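Quick one: structure below, then a few questions.
Derivation of every value follows stated rules applied to the coordinates shown; laboratory data play no part. It should be emphasised that the depicted structure is a prediction, and the values quoted were computed from it without experimental measurement. Reconstructed Cβ throughout: ideal geometry from the backbone, glycine too, with neighbour counts over all protein chains shown.
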Amino acid sequence: MITQSFTLSATTATLVLTGRWVIQQVVYNTGAAGTLSIYDNGVAAITQSNPAYDTRTRDCSYTRTVADVRDIACNTIDYTFSGISDTDTTVAADASFDLPVKESLGLPAAGQVSANTLLNFALGVVLYSTVAATVQLTYKQA
Amino acid sequence: MANYTVGSLPQINAAACSGWNPQDINLYNALPVWMIEREVMFRKKYGTFNRIYGKIPWTPNKGSTITGIIAEPPPTLRQFAFPAAVATACAKKDIIQYRERTFEFALRHHKFESPIFQWLPAFQDFVTKKLTKNIDFVLKWQEDFMSMYYRGFMFHQSPAIMFCNHDTNVIVDPAPVGEGDEAGTTGKSNAFLQAMLPGISSPGNLNIENLFYALSYLEEDASAVPYQSGSLKDDSYLNDKWCLYTSSEVWNQFINDPYLKENKACDLNIVTEGFRGSLMGRITTSLHSNPLRIYVDPETGEVSWPEPETIQENPNAPNYGQTVRSCDYRNAQFEVAFLVGMEPYSIVDVGPPPAEFAASGPDRMGSLKWNGKPRLTDRINVPCNVDGGETVAYDQNKYDEFLQIISMTVMGIAPETTRNALPIVFKRARTITTSLQ
C-alpha cells in the first residue's frame, strides 16, 4: 500500500499514475470550494477520440404487415405481425468523447474531505479539480 | 601457492617420492558441452468446445451454405388468465401458432505447414527426430486454431454482451453481431469496444456478484437454457448448470472475493484448501489458457487483441529461445469470459472429401485430405540457382533431399441458439478485496 500526495492546478487534468491500480482512499484538500473528479485514462486528458462504430438498436413496439397473401380459396389476406425489431445503426465518431467520472468529491468551502473507496483503474489515474488543490491517494497494484 | 612443475610424461626412472604428478585435466579430448534433451510440460488447457457444443452434419452436394430451420415455441402473451363465466358470458378463444426460425452456416478452410526440412541437420544435429516433434506441434497448433475460431465466432455472434460494473450499460442487448475479421471492423468491432470500455467502473472484475448478474440476465431476460440431463455423454456434472469459460487468474481471484469471504461457511478453509465447488451450485468453471484479452493503448484508447506469446530473442538472455508471454498481452487491461448454457452452437461434422479427390491409386501421386491430420510430403519445388547466385527456376525435389509437414482442415460452426452464451468483458485484477484483507 502506498500513500502519496499530488498538487493540482485549477481546471487542469493531471495524470498522477499510469497502469493498473486500486485506490483505497482519496483525501481532497482545497483552499476554496471545489470539486475533484477522478478519471481512468493513460494521458492527462478527460476526453478521448472515438471512431464511428456499428451497433444495433431495438424498437420494442414494432408491427409489420404482409399484404395480399392468397389462400387456396382465392381469398386475399393481409397478415399483421407484432413484436420487437432489432436494426443496425451507426454511432457517429466523437472526437471529444467525455470520459466517465469514476469518483467525485466536493467541498462547499475551503477544507478537506476524504473517502474510503475501492476504485479499480485500468489505464491510469487522472485527477481534475475545479480549484487548486492537494490530493492524497492510498493505492496498490491491481 | 607455489606452482608445481611436472616433467614431460611419460617418464622413466623417476626417483621415488619425487614430484607431484597429477594428470593434466585438459590433456585428452572432451566434448565442449554435454547436451541432454529434455521436454518441458506446457499447459494443455486448450479449448474444450468440441465436448461442450452439439454436432451437426454437413450434407455434400447441397450448395455452399446450409440453412437450419428451428420450430420456435409461441410467446407467452399474458401474466394472468381470466376465463369468462359459463353462465353469463361467451367463451373467448386463444389461437396458438408457432413460428420457424432459420440460421445459416458455411464451411471454412485453413492450411498448416512446417518450414522445409533438409537432410543435413537430421544427420548432424544433436536433437534427433525433429520432424516427429514438429508434427506434434503442428497438431497442437491446429487444435488451438480451431478453438480460437469457435471462440471468436461465439464472441462476435452473441446477441448480447456484458461489461462488468458499467456506468450505464452493463448488458448491451442487442449487441452488434457479425462474422468478425482480422482488422476488427465487423461484429463487436474494436471501435465499439473502444466506446464501451471506459464505462467499466469499479470493481469491474469478474467477481461473484457480477456472475450473479450474468446468470440472472441469461435465465430471465435472454430466456437462455442451461445444460439439460442427457444432452451430452458424461454430462451429469453439468445438469441444469452453466459453464464458465475463463482464466486461472479469475479463478484464483475467487478466493479473494468479498462475497465469498463474507458469506463462506465457517468450515470452508480457503487459506490452505483454496476455493472449490461449483459457484452458487449453478456454474461449473472450465479454465482456458490464452483467454481473450483486450489491450487498450493508454494514450489513444485504441483497442487491440495482442498476440498471447512471443519468443525471447536476445542471445544474451538466460532463457534465449524460450516461448514467453508477449508484453501487451501480459499488460492487457481487460479480459473476456463466456458463460455458456445448452449448445448455443454446433460444431459441423464435415465428413470426407469428394470421392474422386479422396481416392488414391497407382495413377495418383496423392489424395485430398482435409481432416487435419499432419503428414509428410516430398512434393516440393526447390529454387535452382545458376552460377552467380541468381535464382532462375524451381526444380523438382528429385533427389528427395527435402521434406515438409502439411495439413489441411475444413471446419464449420452453426449458430443455432446464440443467446445461450454470454461474453463477459471485465477488468483484470489480482488484488481486489474488502477491508477484511
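Holding the Cα-Cα limit at 29 Å, pick out from B:Lys92/B:Lys241; B:Lys55/B:Lys427; B:Lys55/B:Lys188; B:Lys111/B:Lys241; B:Lys140/B:Lys398; B:Lys93/B:Lys241 the pairs that are longer than that.
Numbers: B:Lys92/B:Lys241 40 Å; B:Lys55/B:Lys427 34 Å; B:Lys55/B:Lys188 26 Å; B:Lys111/B:Lys241 37 Å; B:Lys140/B:Lys398 31 Å; B:Lys93/B:Lys241 38 Å.
Violating the 29 Å Cα-Cα cut-off are B:Lys92/B:Lys241; B:Lys55/B:Lys427; B:Lys111/B:Lys241; B:Lys140/B:Lys398; B:Lys93/B:Lys241.
What fraction, in whole percent, of alpha-carbon pairs in the protein assembly as shown exceed 42 Å separation? Walk me through the intermediate numbers first.
Details: 73962 of 167331 pairs.
Roughly 44 percent, once rounded to a whole number.
Once you put a point 7 Å from the Cα of A:Thr18 and another 7 Å from the Cα of B:Glu100, both along the Cβ direction, what distance in nm separates them?
About 6.0 nm, to one decimal.
Also: What Rg and what Dmax come out for chain A when only alpha-carbon atoms are used, in angstroms?
Spelled out, the Cα radius of gyration and Dmax of chain A are 25.8, 87 Å.
I've got another one for you. Quick one: which residues, 5 or more positions from B:Gln228 or on another chain, have an amide H under 5 Å from its amide H? H modelled 1.01 Å from N in the peptide plane, none for Pro or chain starts.
So B:Gln228 has HN proximity to B:Asp240.
Shifting gears a bit: Stretched out fully, how many nm does the piece from B:Asp297 to B:Asn61 gain, at 0.36 nm a residue minus the Cα gap? Numbers along the way, then the final one.
Working: separation 236, 0.36 × 236 = 84.96 nm, distance 4.77 nm.
Using 0.36 nm per residue and subtracting the Cα-Cα distance, I get 80.2 nm.
Let me ask something else about it. What's the FRET efficiency of B:Ala355 with B:Met280 using the Cβ-Cβ distance as r and R₀ = 41 Å, to the nearest 0.05? Could the numbers behind the result be given before it?
Working: r = 52 Å, r/R0 = 1.27.
So, using R0 = 41 Å, E works out to roughly 0.20.
How much FRET efficiency would the formula 1/(1 + (r/R0)^6) give for A:Tyr79 and B:Leu139, where r is the Cβ-Cβ distance and R0 is 56 Å, rounded to 0.05? Walk me through the intermediate numbers first.
Details: r = 54 Å, r/R0 = 0.96.
After rounding to 0.05, the efficiency reads 0.55.
Quick one: putting +1 on the C-beta of Lys and Arg, -1 on the C-beta of Asp and Glu, what dipole do you get for chain A around its Cα centre, in Debye to the nearest 20? Please report the intermediate quantities before stating the final value.
Numbers: 7 positive and 11 negative charges, 137 e Å.
Value, rounded to 20: 660 debye.
Calculate the FRET efficiency for A:Ser61 and B:Ser304 from the Cβ-Cβ distance with a Förster distance of 30 Å, rounded to the nearest 0.05. Please report the intermediate quantities before stating the final value.
Details: r = 40 Å, r/R0 = 1.32.
That pair, A:Ser61 with B:Ser304, gives E of 0.15.
So, by mean Cβ neighbours within 10 angstrom, what's the order for A:69-79, B:112-122 with the highest one leading?
Values: A:69-79: 8.1, B:112-122: 13.3.
Result, highest mean Cβ count within 10 Å first: B:112-122, A:69-79.
Taking Cα pairs under 8 Å and at least six residues apart, what relative contact order does region A:32-142 come out at, in percent? Can you show the working numbers first?
Numbers: 185 pairs, mean separation 50.2, N = 111.
Here the relative contact order equals 45 percent.
Expressed in nm to one decimal, what extension gain is obtained for the pair B:Asp125 and B:Lys92 from 0.36 nm per residue of sequence separation less their Cα-Cα distance? Mind showing how you got there, number by number?
Values: separation 33, 0.36 × 33 = 11.88 nm, distance 8.75 nm.
This chain segment gains 3.1 nm when fully extended.
Next question, about the same structure. Please report the antiparallel percentage of the DSSP beta bridges confined to the protein assembly as shown, to the nearest 5. Provide the component values of the computation, followed by the final result.
Working: 105 of 116 bridges.
For the protein assembly as shown, the DSSP antiparallel bridge percentage is about 90.
For region B:318-427, which trypsin sites (Lys or Arg not before Pro) are in a loop by DSSP, counting at most 14 other Cβ atoms within 10 Å? Please report the intermediate quantities before stating the final value.
Details: sites: B:Arg325, B:Arg330, B:Arg364, B:Lys369, B:Arg375, B:Arg379, B:Lys398, B:Arg419, B:Lys427; in loops: B:Arg364, B:Lys369, B:Arg379, B:Lys398.
When the trypsin sites (Lys or Arg not before Pro) of region B:318-427 are filtered for loop state and at most 14 Cβ neighbours within 10 Å, B:Arg364, B:Arg379, B:Lys398 remain.
Hey, how many Å between the Cα centroid of region A:1-74 and the Cα centroid of region B:308-362?
Between the Cα centres of region A:1-74 and region B:308-362 lies a distance of 33 Å.
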